[in-house]
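The values are calculated or read from the model by the stated rules, or taken from the named source; none is laboratory data. For clarity, every value in this text was computed on a predicted model and none was experimentally measured. A quick note on method: Cβ atoms are made from the backbone with ideal geometry, for glycine too, and the neighbour counts reach across all protein chains shown.
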2 protein chains.
Amino acid sequence: MEASRPDTATRILDVSERLFVEHGFEATSLRMITQQAEVNLAAVNYHFGSKDALFEAVFMRRLAPLIGSCLSELDELEAKEEKLSVEGLVMTFIRPCLALSKDPARGGALFVRLLSRTLVENHRLLRETISQQYSVFVQRYTTAFHRALPELEAEELAWRMHFAFSVMFNAFAGNDVLKIFMRSQIVSARDPDMIVKHLVPFVVAGLLSPIES
Amino acid sequence: MEASRPDTATRILDVSERLFVEHGFEATSLRMITQQAEVNLAAVNYHFGSKDALFEAVFMRRLAPLIGSCLSELDELEAKEEKLSVEGLVMTFIRPCLALSKDPARGGALFVRLLSRTLVENHRLLRETISQQYSVFVQRYTTAFHRALPELEAEELAWRMHFAFSVMFNAFAGNDVLKIFMRSQIVSARDPDMIVKHLVPFVVAGLLSPIES
DNA sequence: AAGCGTTTCAAACTTACGTTTTAATTTGAT
DNA sequence: ATCAAATTAAAACGTAAGTTTGAAACGCTT
């Protein structure tokens, strides 16, 4: 009763997702990918066209559903409540990330790491393909946060959103700045529920901090 | 009265720092470096031994002084005050980063971006060479934050420090998660003073957020 | 069973990489 | 001025990268 072996293209996507996270795009060769996926070297170019196109495919397979989930949560929240709470708003982003992190069938926490890496590495993909397609995501959150924090002017709000999403992305991505130096101070660092338990209060407090004169 | 041209090794370091930030370690070739630095291809291996050693040299040239500055500020603060304020503590880290960001002669904001990239890319260098040498940095800040926030248990404190340094690193590195989607919402995003003005309240509020039951 | 589009495969191609080698050149102390 | 050491230079080495090719194998309809 073993799970049927996924087809070639899916096996390539799964292996690529993991290797791109582990070693980065440039340092991951098609020979590493095809070897671990147990497919022929030429299969990548046959199914995806090029290494760049493969990266885009790996990326979009996860990003589109994730953004879709966030927007659905946002729809629900905005329909339900007149006054949006900051914590409720933060959770519309956290919950889909959390669900993704806990679902091995969808790559688990791997994709969020990939997303984080891709942001930092400033890939062409993000500047070109994605930016136009998903500006709606940022627009929706910007207006929602504006409703939740009406006393903040636009620029101050943009800064706080920048900081908030920055720390959330890095938390889910497991980019532990301090872990590198101290020896596993936090044993539960990779438990997604633990992340949320500590992350949400921190982010909410930052977003709600009193306005500087 | 033009500035005297730096020597070969320095020119290589300067160019490498910029290219490693722009394209990453793997995607930056020695031929790109030596061409832009106007030195012979073999100069890198002559002066530094290998590409890996070059990266370490680029990295250590900035990191050692930066960490030194932070620890000096920490010394001053701890000597001066009995009770450490969270904001004062945060500023011992912010001020050296800010000074570095504003000093083109020391690479400006480039190095903080490189540091951020290197953290995310999880380089060997960080796991091996740096981790032992600079664990004192984390130790010092951990005990200092413990003094400033004595009511937090060790694990909660570790989480908050993780989040705080994460957002600070990304702010200075200019890793604007949302900038990619929205068209230059924040015009002053690259002004280091503006970063601090908005960053410090956010981080301090997160660190000081009430303890969850 | 035959035919046909799709997929897989082994192999080769071109290019670029990091590194090494060897000779030429510059530098600095005697 | 001389000589030894340090540095620069040009060229080549071996390897590995992404991609392409053309034939073989497969799956499906007729």
A:Tyr134 passes all but one of the listed conditions (1) within 11 Å of another protein chain (Cβ to nearest Cβ); (2) at pLDDT 80 or above; the exception is number (2)
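Residue-by-condition table, conditions (1) more than 23 Å from B:Leu119 (Cβ to Cβ); (2) more than 9 Å from DNA strand C (Cβ to nearest atom):
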| residue | (1), (2) |
| --- | --- |
| B:Pro6 | yes, yes |
| B:Asp14 | no, yes |
| B:Phe20 | no, yes |
| B:Phe25 | no, no |
| B:Glu38 | yes, yes |
| B:Lys51 | no, no |
| B:Val58 | no, yes |
| B:Arg62 | no, yes |
Exactly one of A:Val39, A:Val90, A:Val86 is outside the structural domain of A:Val196 (by TED's automatic domain parsing) and out of contact with any Asp or Glu (no Cβ under 8 Å at 6 or more places or on another chain), and that one is A:Val39
Within segment A:1-56, restricting to residues that are among the β-branched types (Val, Ile, Thr) and more than 7 Å from DNA strand D (Cβ to nearest atom), the one that is nearest to the other protein chains (Cβ to nearest Cβ) is A:Val21
Listed by first then second residue, the pairs whose first member lies in segment B:111-125 and is touching a residue at least 12 places away in the same chain (Cβ under 8 Å), whose partner is hydroxyl-bearing (Ser, Thr, Tyr), with beta carbons under 9 Å and at least 6 positions apart or on separate chains, are B:Phe111/B:Ser101; B:Val112/B:Ser101; B:Leu125/B:Thr118
Those residues of segment B:2-12 that are surrounded by fewer than 21 Cβ atoms within 10 Å (Cβ to Cβ) and modelled with pLDDT of 90 or more come to a total of 5
Scanning segment A:176-213 residue by residue, those in contact with a Ser or Thr (Cβ under 6 Å, 6 or more places away or on another chain) and at pLDDT below 90 turn out to be A:Val177, A:Ile180, A:Phe181, A:Pro192, A:Met194
A:Asn45 passes all but one of the listed conditions (1) under 25 Å from A:Phe165 (Cβ atoms); (2) outside the structural domain of A:Thr143 (by TED's automatic domain parsing); the exception is number (1)
Of the listed residues (A:Ala164, A:Ala158, A:Ala144), the one being in a helix (DSSP H, G or I), away from chain B (no Cβ under 11 Å) and crowded, with 17+ Cβ neighbours inside 10 Å is A:Ala144
Check segment A:110-130 and report whether any residue there is surrounded by 20 or more Cβ atoms within 10 Å (Cβ to Cβ) and among the small types (Gly, Ala, Ser). yes
Those helices (runs of 4 or more DSSP H) completely within segment A:1-109 that have 3 or more residues that are in contact (Cβ under 8 Å) with a residue 60 or more places away in the chain are A:8-23, A:51-80, A:86-101
When B:Lys102 is run through (1) assigned by TED's automatic domain parsing to the domain that holds B:Leu126; (2) surrounded by 15 or more Cβ atoms within 10 Å (Cβ to Cβ); (3) of a type in the set (Lys, Arg), the failure sits at (2)
